[in-house]
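Here's the structure, in structure tokens; my notes come after.
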Amino acid sequence: MTSPNKKQRITKSKEVTCSAPVNIAVIKYWGKRNTALLLPTNSSLSLTLNQDDLRSTTTIRASPDFVSDRIWLNGKEENINAKRLSNVLSKAKELRKEMEEKDADLEKLSEWGIYIASYNNFPTAAGLASSASGFACLTFALSQIYDLSINLSQVSMLARLGSGSACRSLFGGFVKWEMGTKDDGSDSLAIQVASETDWPGMEALILVVSDARKDTGSTEGMQLTVETSELLKHRIEKVVPQRMLDMEKAIAEKDFDSFAEITMADSNQFHAVCLDSYPPIFYLNDISKAVIKVITALNARSIHTDPSGKKKGYKVAYTFDAGPNAVLYMQREHLSEVLGVIDYLFPRKSTQKVGEYYGKAKEVLENVDKTN
Ligand code: DP6
């Protein structure tokens, strides 16, 4: 099997390594109006988490000697012809080919084979947005290896073809995904609303209630909701458009009270439309519900109503994606208090070291080299 000469036969190659973080939505994407192009039924808005804790790293190597494209996810070879993956790859190659047709001096990279290794330093498919960071990372790496002359929002459209929420992970800070109205999806893309430094001191705390794979994946779950939920129609027509405007205003004004109210209301409504689907989808478990009660009680101690009727004094906001894990957003001055309460009421089972990530993906391709 091992053939040292084979490695030497690689005449030329090009390699890039990129890493991308997850994003957690405060206005949720749930529903597609076009399942092939992954066009959503509503706009959404998220925060990109900038720590090393939740990241995907992808190494891509291209060579004219690779006879076919191949992909490894967390060290295990996966099917390169999986629909969404092949949509992303063929679109990226198509864009490269267009460039090569215009400029004869360009290397014909679109004809080379590519090996891709992607690595998550956190549980995959457990409601921790692994597809978001994974596809964001893959498409950014493709745009780099092919030197595509497109801006980040255009890269986000490519990422969207892999997984909707992935388009928002191309940017840092506060990011919205404009649902767009065109049938070809050319206006359904991500835009940065504010950078991380525009609102410094915003912290995210992730409570991993369970790292098991979820029963109902987001893709199938949201289509079930589109097909069966009356409440979803109300949400996409009457609720989300105003909420997007209110959330952007809250971010621009660094108004944490409005930010927290909208975030929690939107998480609640997202889980309500899941329950309104048939058969109903349950993502929250008893621990998730206990977290909601604790956060509500914690906020109740400091909330007061000002003369204009606005509630003020929120310390923390919860949000839950398609799984039982809670993400808490708060301003840095409340972090130690919130952490103290959470640690006291929900003692940690284990303290997990952040998984190593950079270099892991590259290592996978190096091992392939050795065994080929
Ligand atoms: C609850 O982006 O995973 O996290 O587009 O089918 O891949 P596909 O779905 P995905 O759905 C994410 C749903 C969510 C909300 C959000 O991130 O906005």
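The values are calculated or read from the model by the stated rules, or taken from the named source; none is laboratory data. The shown structure was predicted, so the numbers you read here are calculated from the model rather than taken from an experiment. Quick reminder, even Gly has a Cβ in these numbers, built from the backbone with ideal geometry, and neighbours come from all protein chains shown.
Of the residues in the range 215-225, at least one is in a loop (DSSP other than H, G, I, E, B), within 12 Å of the ligand (Cβ to nearest atom) and under 16 Å from the mean Cα position of the chain (by Cα).
Within the range 176-206, being within 16 Å of the ligand (Cβ to nearest atom) and out of contact with any Gly (no Cβ under 8 Å at 6 or more places or on another chain) holds for LYS176, GLU178, MET179, GLY180, GLY185, ALA190, ILE191, ALA204, ILE206.
Does LYS182 satisfy being charged (D, E, K, R), within 13 Å of the chain's Cα centre (by Cα) and at pLDDT 95 or above? It is false that LYS182 is charged (D, E, K, R), within 13 Å of the chain's Cα centre (by Cα) and at pLDDT 95 or above.
Taking the range 41-77 as the range and being in a strand (DSSP E or B), within 19 Å of LEU152 (Cα to Cα) and within 16 Å of the ligand (Cβ to nearest atom) as the test, the residues that pass are SER44, LEU45, SER46, LEU47, THR48, SER56. Of everything listed in (1) among the polar types (S, T, N, Q); (2) buried (at least 18 other Cβ atoms within 10 Å of the Cβ); (3) assigned to a helix (DSSP H, G or I), the single unmet condition for ASN87 is (2).
Residue pairs whose Cβ atoms lie under 7 Å apart, sitting 6 or more positions apart in sequence or on different chains, and linking a residue in the range 21-36 that is more than 19 Å from GLU220 (Cα to Cα) to a partner that is hydrophobic (A, V, I, L, M, F, W, C) and within 9 Å of the ligand (Cβ to nearest atom), are VAL22/ALA129; VAL22/ALA132; ASN23/ALA129; ASN23/ALA132; ILE24/ALA129; VAL26/LEU45; ILE27/LEU45. Selection of first residues in the range 319-331 that are under 12 Å from THR263 (Cβ atoms) and part of a strand (DSSP E or B) and of second residues that are near the ligand (Cβ under 8 Å from one of its atoms) and modelled with pLDDT of 95 or more, restricted to Cβ pairs under 6 Å at least 6 apart or on distinct chains, gives the following pairs, ordered by first then second residue: VAL327/ILE24. Here ARG33 clears all of (1) within 16 Å of the ligand (Cβ to nearest atom); (2) part of a helix (DSSP H, G or I) except the condition numbered (2). Take the residues in the range 215-246 that are surrounded by fewer than 20 Cβ atoms within 10 Å (Cβ to Cβ) and hydroxyl-bearing (Ser, Thr, Tyr); name whichever of them is farthest from SER131 (Cα to Cα). Once the filter is applied, the top-ranked residue is THR228.
Summed over the range 22-49, the residues that are in contact with a helix residue (DSSP H, G or I) (Cβ under 6 Å, 6 or more places away or on another chain), under 22 Å from VAL316 (Cα atoms) and not hydroxyl-bearing (Ser, Thr, Tyr) give a count of 6.
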